[in-house]
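The values are calculated or read from the model by the stated rules, or taken from the named source; none is laboratory data. It should be emphasised that the depicted structure is a prediction, and the values quoted were computed from it without experimental measurement. Note that we place each Cβ from the backbone using ideal geometry, even for glycine, and neighbour counts take in every protein chain shown.
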Amino acid sequence: MASLQMATVLNSLTPTRSLPPNSSDSTRRLSPPLRDLSTKAFAVPRRKAMALFLSTYILSPIALHETAFAEPSVGLREYIDSFDGYSFKYPQNWIQVRGAGADIFFRDPYVLDENISVEISSPSSSKYKSVEDLGPPEEAGKKVLKQYLTEFMSTRLGVKRESSILSTSSRVADDGRMYYQVEVNIKSFANSNELAVMPLDRVVRLEWNRRYLSVLGVENNQLYELRLQTPENVFVEEEYDLRQIMDSFRVSKVLV
């Protein structure tokens, strides 16, 4: 009787492994299947697991890259302005924005820094006979870059712009007219805390890095400029389509 009581006490002190209700003896001896380990061992409910998967995918740099920049080509549509005398092609999913200050303005509905516009000089300001009135392409490139920097001039403290002319060229299109093409890059830097007293507290950061593609043509005694703006990382993905747009730009005689 004493030995039976001692055995009962020892059994109560021995740690036991809790098992789910209705477990069989074989369950005690065998490891659970692999699929049970994936769901039970980590104790992650299905809803939380799905949320974790989605958040990991959305926040992953690769997922961001694929979503933002790997969009398939959507094809080009032609825009013709017979009243002002020019035409060009643009991505057919881009939307027109009115009141942007240009003669015409389209932008990408997803990449907001990517757009296309056309500027036309006033006939009362100067008379152009040919695009060569701007000088050689290199001189035209300097004028284009200067105009961009003037437009992007900022009065904010701590803002600095770095710019460079990437290429300038001329070509005679199938309409027999000469066009200039200019490519420039502009980077904008700003201090993270421009009001800080100590220089070490004013950390310089890159705000944006963009490429600007201009095509210049002359007709009707006016200078026409097709402008393409795109972030540099997007340009790498869409260079083929963007160059097609540049090559499509034409100016035409306006019949009065």
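Going through (1) out of contact with any helix residue (DSSP H, G or I) (no Cβ under 9 Å at 6 or more places or on another chain); (2) modelled with pLDDT of 95 or more one by one, residue 196 falls short only on (2). Selection over segment 76-100 of residues that are touching an Asp or Glu at 6+ places or on another chain (Cβ under 9 Å) and not in a strand (DSSP E or B) gives a count of 4.
For segment 141-163, the set of residues classified as assigned to a helix (DSSP H, G or I) and polar (S, T, N, Q) consists of 147, 150, listed by residue number. Restricting attention to segment 125-148 and to residues that are among the aliphatic types (A, V, I, L, M) and touching a residue at least 60 places away in the same chain (Cβ under 8 Å), the residue that is nearest to residue 253 (Cα to Cα) turns out to be 131. Residues that are surrounded by 13 or more Cβ atoms within 10 Å (Cβ to Cβ) and in a loop (DSSP other than H, G, I, E, B) within segment 128-140 comprise 128, 135, listed in sequence order.
What's the total number of residues in segment 201-256 that are of a type in the set (Gly, Ala, Ser) and within 29 Å of residue 158 (Cα to Cα)? Matching residues across segment 201-256 total 1.
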